[in-house]
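The values are calculated or read from the model by the stated rules, or taken from the named source; none is laboratory data. These numbers come from a predicted model, not from an experiment. Every residue, glycine as well, gets a Cβ built from its backbone with ideal geometry; the counts of neighbours run over all protein chains shown.
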Amino acid sequence: MVRSKGEDDGEETVFDGKAKFLALVRLLDFSILSSAGIDSSRSRAQINKEWINKGVGNLQLRRPKDAPTGVPGARLLLYNQAGKLALNAKLYAGMKVKQADDKGVALVLVNGVQAAGEEDGAARKPVQTMIRVKDGATAKELIRQIEQHVPLR
């Protein structure tokens with residue numbers, strides 16, 4: 001286990017690495033498009049869902065210290081390059097995680113961080129997400145660690 005800067009007392013880090021955090025979001029408002037870098041000339045039918053970059057930075061999987069495997073409390077955190085928290089999501093019982101492509105890990109998360117411009121409560125809804133890491137071996141290790149720390153109930 002790695003001791004990370006800023007790690008809370010009572011937690012230990014079991015995965016730590018650079019990653020890109022993407023969320024699949026439904027775009028209902030054309031005013032969101034320009035801030036997300038999406039071509040607003042497309043029709044509403046073409047703009048159903050888009051992968052939005054929510055942050056690139058340091059991804060950590062933390063778990064309660066001295067807790068047996070399968071106990072609730074493990075969480076994924078991502079601090080962007082400016083040091084701002086972009087992801088804070090607890091692992092939950094029944095959580096599914098899979099390798100999406102060579103470097104991508106797909107999972108459904110409930111992010112506790114509300115981004116600027118999001119409606120109230122948006123941060124509390126389950127969202128299809130992808131975490132992209134540097135290579136396939138790192139993706140497999142992240143999947144293994146998440147699966148190992150998903151609560152049993």
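Of everything in the stretch 95-113 that is part of a loop (DSSP other than H, G, I, E, B) and in contact (Cβ under 8 Å) with a residue 24 or more places away in the chain, the residue that is surrounded by the fewest Cβ atoms within 10 Å (Cβ to Cβ) is 102.
In the stretch 66-89, what residues are charged (D, E, K, R), surrounded by fewer than 17 Cβ atoms within 10 Å (Cβ to Cβ) and within 15 Å of residue 15 (Cβ to Cβ)? Result: no residue meets the conditions.
Does residue 48 satisfy the condition of being at pLDDT below 90 and surrounded by 15 or more Cβ atoms within 10 Å (Cβ to Cβ)? Let's see the steps before the verdict.
Working: at pLDDT below 90: yes; surrounded by 15 or more Cβ atoms within 10 Å (Cβ to Cβ): no.
For residue 48, the condition - at pLDDT below 90 and surrounded by 15 or more Cβ atoms within 10 Å (Cβ to Cβ) - is not met.
Taking residue 81, is it more than 13 Å from the chain's Cα centre (by Cα), modelled with pLDDT under 90, among the polar types (S, T, N, Q) and within 13 Å of residue 21 (Cβ to Cβ)? Here the answer is yes, as residue 81 does meet what is asked.
Would you point out the residue of the stretch 53-72, among those that are free of Cβ contacts under 8 Å to residues at least 60 places away in the same chain and within 16 Å of the chain's Cα centre (by Cα), that is farthest from residue 129 (Cα to Cα)?
For the stretch 53-72, the residue satisfying everything is 62.
Scanning the stretch 118-143 for residues that are surrounded by fewer than 13 Cβ atoms within 10 Å (Cβ to Cβ) and either within 20 Å of residue 79 (Cβ to Cβ) or modelled with pLDDT of 95 or more (or both) yields 134, 135, 137.
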